[in-house]
Amino acid sequence: MGIPVRQVISIGSYILRQELAGRKRYPLVLMLEPLFRCNLACAGCGKIDYPDTILNKRLSVEDCLAAVDECGAPVVAIAGGEPLLHKELPKIVEAVMARRKFVIVCTNALLLGKKLDQYRPNPRLTWSIHLDGDREMHDRSVCQAGVYDRVVAAITQAKARGFRVTVNCTLFKGADAEQVAFFFDTVTKIGVDGITVSPGYAYERAPDQQHFLNRKATKDLFRGIFRLGRGGKRWAFNQSRLFLDFLAGNQSYQCTPWGNPTRTVLGWQRPCYLLGEGYAKTYQELMGETDWDSYGTGNYEKCADCMVHSGYEASAVTETIRRPWKAALVALRGVRTDGPMAPEIPLDGQRPAQFVFSRNVAERLAEAGQSQAGSEKRATMP
Ligand code: SF4
């Protein structure tokens, strides 16, 4: 099993409490992005094309902890950008763990070997390392030769020091089921504690728009992969069985974007980790003033092909708590890889895509300019 028992029990009892309290929308994983700056420039990334004023922004330790407290999610995933570029990351990680949260640091691992001394192994800490397949697949995905070998070396080093390490693998169009299955075998042999896998999402600003999977292709690919691994049972996934079943086309889910609320250097991002269609100043404002029903597959054109874990894992985990026998059957038998697929959500009623990114960036830049002017004025006051 890729998820530690302690974490399963803790998150399961958290969800149970929310359900018993009758809460309709609650967070599971806070996606915390304390910076957008990165030391790679991957073709499928929608974060690194911001102007320098935004790329230079950092959330402080206090900002991060305020977001953790405000949101209350039991798991905090610290992503970016590359979080290891944030000088105060060790303090943030320690302070979040001290709040009894599970912390997942999502990193490309290029700086991990150099920075590992700043951290101590802890059952609440996981390094989730970006690795999009074998040497050929990953180096192509990150647009740089030699990265795969450096990442594998960092994984080996972190494991040798006693850290919990998982790999986070995003699959794109053209991925080959046999090659992916072989990659899963390889990382299992290296000794990773779990695999997180997801199809890529077509960020409207990603430099390479041609290589994202549509829903049908995603389901076919995952059926092909799981078929080669006894319904997925050959590998330890860091995800719920029902999410894997969803990827293979056996479940129809709507996304639950509030399950992974996202706090970035620009504010609380609407509506989800993948789409930046506006920002709220507080978590309360995000939850209370977002028109959740206008998003999701079937509701919005940009959501048509999304099957990403940050949108659907919370749906699958909630279903696991509500109908545990379904998840138990998938765990026992493996993911079904043949037969009819679950009905797809019709797209004929979806609203057209709105392209609001440039306006959002202009607004944020104007705000940054105003606060810069304000602090310069204060600095020159007698
Ligand atoms: S389907 Fe849901 S998670 Fe995916 S992009 Fe749309 S709102 Fe976000």
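Charge tally around residue 14: other residues with Cβ under 13 Å, Lys/Arg +1 each, Asp/Glu -1 each, net +4. Between residue 115 and residue 60, the simple spin-label model (points 7 angstrom out along Cα→Cβ) gives 2.0 nm. Let me know the shape class of the chain, please: from the alpha-carbon gyration tensor, a ≥ b ≥ c as square roots of the eigenvalues, rounded when a/c is under 1.5, otherwise prolate if a/b is greater than b/c, or oblate. Because its axes are fairly even, with a/c under 1.5, the chain counts as rounded. The 3J(HN,Hα) values that the Karplus relation (6.51, -1.76, 1.60; θ = phi - 60°) gives for the range 170-176 are, in residue order, 9, 10, 10, 3, x, 4, 10 Hz. Gly and Pro appear as x. When the Gaussian network model of the chain links Cα atoms closer than 10 Å, the mean-square fluctuations of 328, 353, 177 top out at 353. Within straight-line reach of residue 173, meaning a Cα separation under 29 Å, sit the following lysines at least 8 residues removed in sequence or on another chain: 47, 189, 216, 219, 233, 302. Straight-distance candidates among the lysines for linking to residue 101, with alpha-carbon spacing under 19 Å and chain neighbours fewer than 8 residues away dropped: 91. Distance between the pseudo-spin-label points of residue 301 and residue 216 (7 Å out from Cα toward the beta carbon): 2.0 nm. Think of the range 1-159 as having a plus end and a minus end, set by charges on the Cβ of Lys, Arg, Asp and Glu; of 131, 141, 34, 34 sits farthest toward the positive end of this dipole. If the segment from residue 333 to residue 233 were pulled out straight at 0.36 nm per residue, it would be longer than the present Cα-Cα gap by 35.2 nm. Rounded to two decimals, the Cα radius of gyration of the range 1-97 over 2.2 N^0.38 Å is 1.27. Subtracting the Cα-Cα distance of residue 88 and residue 173 from their residue separation scaled by 0.36 nm leaves 26.9 nm. Counted by Cβ distance under 12 Å from residue 61, the other residues give a net charge of -1, where Lys and Arg count +1 and Asp and Glu count -1.
The mean accessible area for residues of the range 292-360, using a 1.4 Å probe and ignoring ligands and nucleic acids, is 53 Å² per residue. What you get for the range 1-134, charging only the Cβ of Lys and Arg (+1) and of Asp and Glu (-1), is a dipole of about 480 debye around the Cα centre.
Using the rule -39500 (n - 2.57) for each DSSP H run of four or more residues, divided by the residues of the chain, the 222 nm mean residue ellipticity is -12500 deg cm²/dmol.
Rounded to a whole number, what % of the accessible area of the range 1-105 do carbon and sulfur atoms account for, probe 1.4 Å? Carbon-and-sulfur percentage of accessible area, whole number: 56. Let me make sure I get this right: for the range 211-268, a, b and c are the square roots of the gyration tensor eigenvalues over alpha carbons, sorted descending. Under 1.5 in a/c it's rounded, otherwise prolate if a/b > b/c, else oblate. Which is it? Because a/c hits 1.5 or more and a/b exceeds b/c, the range 211-268 counts as prolate.
Within the set of other residues whose C-beta is less than 13 Å from the C-beta of residue 249, count the net charge using Lys and Arg as +1 and Asp and Glu as -1.
Values: positive: 215, 216, 219, 223, 227, 336; negative: 220, 245, 338, 344.
Around residue 249, the surrounding residues sum to +2.
Relative to the current alpha-carbon distance between residue 325 and residue 8, full extension at 0.36 nm per residue lengthens the span by 112.5 nm. Would you please classify the overall shape of the range 234-367 from the alpha carbon gyration tensor, given that a ≥ b ≥ c denote the square roots of the eigenvalues, rounded means a/c under 1.5, and beyond that prolate means a/b larger than b/c while oblate covers the rest? Prolate is the answer for the range 234-367, as a/c is 1.5 or above and a/b outweighs b/c.
Entry comment: accessible area of the range 1-134 is 41 Å² per residue, from protein heavy atoms only and a probe of 1.4 Å.
Solvent-accessible area of the range 176-301 (1.4 angstrom probe, protein heavy atoms only): carbon and sulfur portion equals 47 percent.
The values are calculated or read from the model by the stated rules, or taken from the named source; none is laboratory data. This structure is a prediction, so every number in the text was calculated from the model and none was measured. Reconstructed Cβ throughout: ideal geometry from the backbone, glycine too, with neighbour counts over all protein chains shown. The accessibility values were calculated without ligands, DNA or RNA, using every heavy atom of the protein model including side chains. Shrake-Rupley method; radii C 1.70, N 1.55, O 1.52, S 1.80 Å.
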